[in-house]
1. Any idea what the relative contact order of the chain is, in percent, if you count C-alpha pairs under 8 Å spaced at least 6 apart?
2. Could you rank the peptides 5-12, 67-74 by their average count of other C-beta atoms within 10 Å per residue, with the highest value first?
3. Once you wrap a convex hull around the alpha carbon atoms of the chain, what is its projected area averaged over all directions, in nm²?
4. Please report the orientation-averaged projected area of region 52-104, defined via the convex hull of its C-alpha atoms, in nm².
5. Quick check: residue separation of residue 63 and residue 86 times 0.36 nm, minus the Cα distance between them. What number comes out in nm?
6. Per residue and in Å³, how big is the convex hull formed by the alpha-carbon atoms of region 36-80?
7. Taking the Cα-to-Cβ direction at residue 55 and at residue 8 and moving 7 Å from each Cα, how far apart do the two end points lie in nm?
8. For region 1-48, what Kirkwood radius comes out of the mean inverse Cα-Cα distance, in Å?
């Protein structure tokens, strides 16, 4: 099974408070069906200093977003698209845009 979304893909958020935002995928956790997307789903965490000399404060960080709520953007046609898997002659699998048939 070939992954629909991989690291360094550009994606768009379909639902939620960040709907319409675009970002780059930092990491994908396939067992949990979530991905970290840069500058999307950013939350503020209030941290206490754990060690002596360390500073506490408010830290902004990305939280994982479900894979069902994001859609990859085709690098050729620059539109959000569904992904198909195409077999090449060398028996390699390639992700293909469903609109323009371009390989990712």
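FYI, it's all coordinate maths here, none of it is from the lab. Keep in mind it's a predicted model, so treat the numbers as computed, not measured. Positions of Cβ are generated from backbone atoms using ideal geometry, with glycine treated the same way; all protein chains shown enter the neighbour counts.
1. 22 percent
2. Order by mean packing, descending: 67-74, 5-12.
3. Its average projected convex-hull area is 8.8 nm².
4. Over every viewing direction, the Cα hull of region 52-104 projects on average to 7.4 nm².
5. Taking residue 63 through residue 86 to full extension adds about 5.1 nm, to one decimal.
6. Convex hull volume per residue, Cα atoms: 95 Å³.
7. 3.4 nm
8. Kirkwood radius, region 1-48: 11.9 Å.
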